[in-house]
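**Student:** Take a look at the following structure, please.
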Amino acid sequence: MSRSLLLLILTAVLLHAGQTRAQSSCPPSDAPRVGVSGVVSDSTGALLRDAQVTITCGGLSFTATTDTTGRYILQLPPGSYTLLVAANGFTTREQVFQVLPNQANQQDLILNVARQNSVVEVRAGAQGYEVSESNEATRTDTAIRDIPQAVYVIPQQLLQDQQVVRLADAVRNVSGVTIAEDAGGRQERVTMRGFVTDTTFQDGFRNSSNSNATFPDFANVQRVDILKGPSSTVFGRLDPGGVVNLVTKQPLSEPYYSVTMQGGSYQFLRPAVDASGPLNASKSLLYRFIASGQDSQSFRDFNFTRRLFLSPTLTWTPSPSTSLRLYTEFLGGSNLNDRGLIALGTRPAKLPISRYLADPNLVYPYRQGKAGLSLDQAIGRGWTFRSYERSSTGWDNYNSRIANSIAKDMQTVTLNDLRTDQYFQAHYWINEVTGTLTTGPLRHTLLAGAELNYEIYDTNTARGTNTSILNIDHPDYAALPPRVMKLSRVDQSRDGYGGGYVQDQVALTANLKITGGVRYDLAKIKTVGYFVTPDSSSRADAWSPRVGITYQPIPSLSFYATFNRSFQPQTGTDVNGAPFIPERGRLLETGFKFDTASHRITGTASVYQIDLTNVITADPNNPGFSIQLGQQRSRGVEFNAVTHLTPQWDLITGYALTNATIHQDNTYLVDSQLQSVPRHTGNLWTRYNQRRGWLAGAGIGAGVTGVSNMQGQLITQAAPNTFYLVPGWARLDAGLSYERPSDGRWKYRFALNANNLLDRRYFSGASGRFAVYPGSPRNLIASLQLTR
């Protein structure tokens, strides 16, 4: 199988290189010309005048300067070109694109005065899925082919085509990334390259259980950035699997209004409103207001989702080199705490996937709000200062009686009765300076930054004193006894984190680049116990270096290798009272990236090894205590590609082979697989959009997602034969859409998506024997969107 995969990859590379050579020839200067135009703006949507636009191909060169509306117009022969745009106080942007005959060639470009997690998607013709640039991995505007690490972007067009409303629906488009469980409907925990994390990011700020009470709403998500592997040099404390960053929608410089209504299976209703535009004539003050709601039932008995999301945002650009953004959001709602089914023997129990093994009368309510201010200031040509702050606060009530043990009859489960009021505050502040300079023949892109985090988390917990049981085959919820709760603990955690980092991306030659950086972090973790919980505090620090190299022998192909580290502070002490030190992750990765002319085919193939050390495990000499001798290792091969088959037809493919195991431990079986990590994952999605004729505006898409068997729990050394497997599965999805202007001002878009079209019974993952999460049976989502 590995030989076949290698042969497939090598064949694809040769094909890509051949296509690039075929497309790279420049047109004759006397060839007939077609119009190329576009608008140059900054990251907030403000139009940039006097920007220099240069388009070249071999000896041909065409130049223009943008007017007061930020527009440029040129006449060029059809062919492949390099476009370069520069403006005083902004980062220079370079992009390869294709000029096509007999159609409009619109090339809009964005220049940033600061990091806004920007991605440039320059394409001629169709709205494809290809993305050529991201700053997630380096926090500088860098072409993906020049980043020595696996980076993927899920663009807005793909989110729209698949009608994504949850993160789990988005990440299935990237190989080796799954969401096996969601903590009973509270937090989507991402499994990436074998390691699980409950921390995602939003606009570069962390979204963990200490700053969020529920999963994010996708109404204001523009795209999803994924960076694989340990990356603490840029992101600080982090699990070793990688980073998932949700980039929110920005205010627009032109009026935009959208109303969407979604409806579907299980009484799913989700309206959304999106309005944006300028608030003054000069367009220096922009706004965006996004609102959505959801009211739906579930294929799971008794469960439901009700939520309301509001997000007003303002951007003020007093000058082309200064931008201020005010971001706010509110999210409130409720649902049941649903941990799915249980496992019996070596497989999930043969129960209806709708069976609810908990108290259906106990609801999980939550409220949370966020606010933040961002300053982007150009301080000279090619240099920018950024200062970003975001705070969140909220409350939730973890209120449930859920299964946590089973009697010998294998039919009666005992419910764990727990009620916890949780209050949180989180404050994150990031300051950075970026710029470029030249030292002799070397060109440097520099980054220096400092980050401060402070998190407060209050917990008030009560436990039930009555024994509650359910029969899994014939549950009698009415027979559950009344709850009698007893206060068990009251405490507050106060955690402070600070870090500083520097990074240098050095262009040694035009096709050889080195990225190096280092970060120092200090963590202070304190717990104040008000009832039962004892006071405790700890201090930890860590250095996190990174170094990577990229070599581009031909324009369409680049090879890379990288070394990177991660750290994650731990709580608790050993038998001597010494606080535990942070877990450390180490990444060794190599691979290649391909990006043909006009982004006809783009992708990444990689081979990696991640080692996690300082894992807490049982102390064999002191029962009841722990030591940090555990080690875990993940090795794998990954391949992802986006192919623009024709101007109307796109194809996304991906495959990952992951071998994530216990490497050293006193509790769990060495060489056994980590929990909820499939060895094989694969994904395919294709979409065709008709752009001419009487079906112009129609689109059809279909795709398959699949995973192999995975461990439902870690295997212990004491009972190596008591584990169970979550069966592998494959799911077929499809979608139809029709988009067309209904008059001169409004346009409408109708879409219908069918998920799990063949109605397969499957389980997305597990978290032990009493939390096995079933996937949804066949379900439909229809939507109607009006846009102006």
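**Student:** Determine, yes or no, whether Thr436 is assigned to a strand (DSSP E or B) and either in contact (Cβ under 8 Å) with a residue 40 or more places away in the chain or not polar (S, T, N, Q) (or both).
**Tutor:** Yes: the conditions hold for Thr436.
**Student:** Any residue at all in segment 458-480 that's of a type in the set (Ser, Thr, Tyr), at pLDDT 95 or above and closer than 30 Å to Glu389 by Cβ?
**Tutor:** The answer is no, given that none of the residues of segment 458-480 is of a type in the set (Ser, Thr, Tyr), at pLDDT 95 or above and closer than 30 Å to Glu389 by Cβ.
**Student:** Identify, please: which residue in segment 25-50 is buried (at least 19 other Cβ atoms within 10 Å of the Cβ) and modelled with pLDDT under 75 and is, among those, farthest from Leu252 (Cα to Cα)?
**Tutor:** Leu48
**Student:** Same structure again: State yes or no: is Val518 free of Cβ contacts under 8 Å to residues at least 60 places away in the same chain, in a strand (DSSP E or B) and of a type in the set (Val, Ile, Thr)?
**Tutor:** No: the conditions fail for Val518.
**Student:** Related question: What residue, of Val165, Val196, Val234, Val243, is among the aliphatic types (A, V, I, L, M) and under 21 Å from Leu331 (Cβ atoms)?
**Tutor:** Val165
**Student:** With respect to the numbered conditions (1) open to solvent by 60 Å² or more (accessible area, probe 1.4 Å); (2) closer than 28 Å to Ser392 by Cα; (3) modelled with pLDDT of 95 or more, which one is the sole condition not fulfilled by Pro318?
**Tutor:** (3)
**Student:** If you don't mind, there's one more thing I want to ask. It is to be established whether one or more residues within segment 495-510 are in a strand (DSSP E or B), among the acidic types (Asp, Glu) and within 26 Å of Asn416 (Cα to Cα).
**Tutor:** no
**Student:** Got a sec? Which of Arg223, Arg206 is farther than 28 Å from Asp421 by Cβ, basic (Lys, Arg) and in a strand (DSSP E or B)?
**Tutor:** Arg223
**Student:** Select from segment 729-769 the residues that are at pLDDT below 95, in a loop (DSSP other than H, G, I, E, B) and open to solvent by less than 60 Å² (accessible area, probe 1.4 Å) and write down the one among them that is nearest to Thr686 (Cα to Cα).
**Tutor:** Checking each candidate, the answer is Ser767.
**Student:** Right, something else. Take the residues in segment 256-287 that are crowded, with 20+ Cβ neighbours inside 10 Å and without any contact (Cβ under 8 Å) to a residue 60 or more places away in the chain, then tell me which one is farthest from the chain's Cα centre (by Cα).
**Tutor:** Here the residue is Ser276.
**Student:** If I ask for residues that are closer than 27 Å to Gln675 by Cα and of a type outside the set (Gly, Ala, Ser), which ones from segment 746-772 would you list?
**Tutor:** Asn755, Asn756, Asp759, Arg760, Arg761, Tyr762, Phe763, Arg769, Phe770, Val772, listed by residue number.
**Student:** Which condition number in (1) more than 19 Å from Glu389 (Cβ to Cβ); (2) at pLDDT below 95 is the one that Gln262 fails?
**Tutor:** All conditions pass for Gln262, except number (2).
**Student:** How many residues, within segment 189-203, are open to solvent by less than 10 Å² (accessible area, probe 1.4 Å), in a loop (DSSP other than H, G, I, E, B) and either modelled with pLDDT under 90 or hydroxyl-bearing (Ser, Thr, Tyr) (or both)?
**Tutor:** Residues that pass the stated criteria total 0.
**Student:** Looking for whichever is free of Cβ contacts under 8 Å to residues at least 60 places away in the same chain and crowded, with 19+ Cβ neighbours inside 10 Å here; the options are Ser626, Ser672. Which one fits?
**Tutor:** Step by step, each of Ser626, Ser672 is checked, and only Ser626 is free of Cβ contacts under 8 Å to residues at least 60 places away in the same chain and crowded, with 19+ Cβ neighbours inside 10 Å.
**Student:** Quick test for you: out of Asp161, Asp108, pick the one residue that is closer than 30 Å to Gln785 by Cα, at pLDDT 80 or above and open to solvent by less than 10 Å² (accessible area, probe 1.4 Å).
**Tutor:** Selected residue: Asp161, the only one of Asp161, Asp108 that is closer than 30 Å to Gln785 by Cα, at pLDDT 80 or above and open to solvent by less than 10 Å² (accessible area, probe 1.4 Å).
**Student:** Please work out if Gln713 is outside any loop (DSSP other than H, G, I, E, B) and of a type in the set (S, T, N, Q).
**Tutor:** Considered against the rule, which asks whether it is outside any loop (DSSP other than H, G, I, E, B) and of a type in the set (S, T, N, Q), Gln713 comes out as no.
**Student:** In this structure, is Ile342 open to solvent by 20 Å² or more (accessible area, probe 1.4 Å) and over 24 Å from the mean Cα position of the chain (by Cα)?
**Tutor:** So Ile342 does not fit the description; no.
**Student:** Looking only at segment 442-474, which residues are open to solvent by 70 Å² or more (accessible area, probe 1.4 Å), among the β-branched types (Val, Ile, Thr) and either touching a helix residue (DSSP H, G or I) at 6+ places or on another chain (Cβ under 7 Å) or not in a strand (DSSP E or B) (or both)?
**Tutor:** Thr465, Thr467
**Student:** Let me ask you something else. Can we say Val607 is β-branched (Val, Ile, Thr), in a strand (DSSP E or B) and within 22 Å of the chain's Cα centre (by Cα)?
**Tutor:** When the stated conditions are applied, Val607 passes them.
**Student:** For the list (1) open to solvent by 50 Å² or more (accessible area, probe 1.4 Å); (2) acidic (Asp, Glu); (3) in a strand (DSSP E or B); (4) at pLDDT below 95, I need the number of the one condition that Asp409 fails.
**Tutor:** (3)
**Student:** I'd like the residue in segment 680-724 that is of a type in the set (Phe, Trp, Tyr) and closer than 18 Å to Thr653 by Cβ and, out of all such residues, is most open to solvent (accessible area, probe 1.4 Å).
**Tutor:** Selected residue: Tyr688.
**Student:** How about segment 629-646: which of its residues are surrounded by fewer than 18 Cβ atoms within 10 Å (Cβ to Cβ) and under 30 Å from Tyr129 (Cα atoms)?
**Tutor:** Of everything in segment 629-646, those that are surrounded by fewer than 18 Cβ atoms within 10 Å (Cβ to Cβ) and under 30 Å from Tyr129 (Cα atoms) turn out to be Arg635, Leu645, Thr646.
**Student:** Continuing with this model, one more query. Does segment 83-97 hold any residues that are modelled with pLDDT of 75 or more and open to solvent by 40 Å² or more (accessible area, probe 1.4 Å), and which are they?
**Tutor:** Hits for segment 83-97 are Leu84, Glu94, Val96.
**Student:** If you don't mind, another one. Can you tell me which condition Gln492 does not meet? The list is (1) free of Cβ contacts under 8 Å to residues at least 40 places away in the same chain; (2) over 32 Å from the mean Cα position of the chain (by Cα); (3) surrounded by 14 or more Cβ atoms within 10 Å (Cβ to Cβ), and all the others hold.
**Tutor:** Here Gln492 clears every test but (2).
**Student:** Does Arg325 fit the bill of being open to solvent by 20 Å² or more (accessible area, probe 1.4 Å) and either within 30 Å of Arg483 (Cα to Cα) or in a strand (DSSP E or B) (or both)?
**Tutor:** no
**Student:** Can you name the residue in segment 495-528 that is of a type in the set (Ser, Thr, Tyr) and under 24 Å from Leu452 (Cα atoms) and is also least open to solvent (accessible area, probe 1.4 Å) among such residues?
**Tutor:** Looking at residues that are of a type in the set (Ser, Thr, Tyr) and under 24 Å from Leu452 (Cα atoms), I get Tyr501.
**Student:** Restricting segment 580-604 to residues that are free of Cβ contacts under 8 Å to residues at least 60 places away in the same chain and more than 24 Å from the chain's Cα centre (by Cα), which is most open to solvent (accessible area, probe 1.4 Å)?
**Tutor:** Ile581
**Student:** Taking segment 204-255 only, how many residues are open to solvent by 10 Å² or more (accessible area, probe 1.4 Å) and β-branched (Val, Ile, Thr)?
**Tutor:** 0
The values are calculated or read from the model by the stated rules, or taken from the named source; none is laboratory data. Keep in mind that this is a model prediction, so the values were computed, not measured. Positions of Cβ are generated from backbone atoms using ideal geometry, with glycine treated the same way; all protein chains shown enter the neighbour counts. Surface areas here come from the heavy atoms of the whole protein model, side chains and all, with no ligands, DNA or RNA. Shrake-Rupley method; radii C 1.70, N 1.55, O 1.52, S 1.80 Å.
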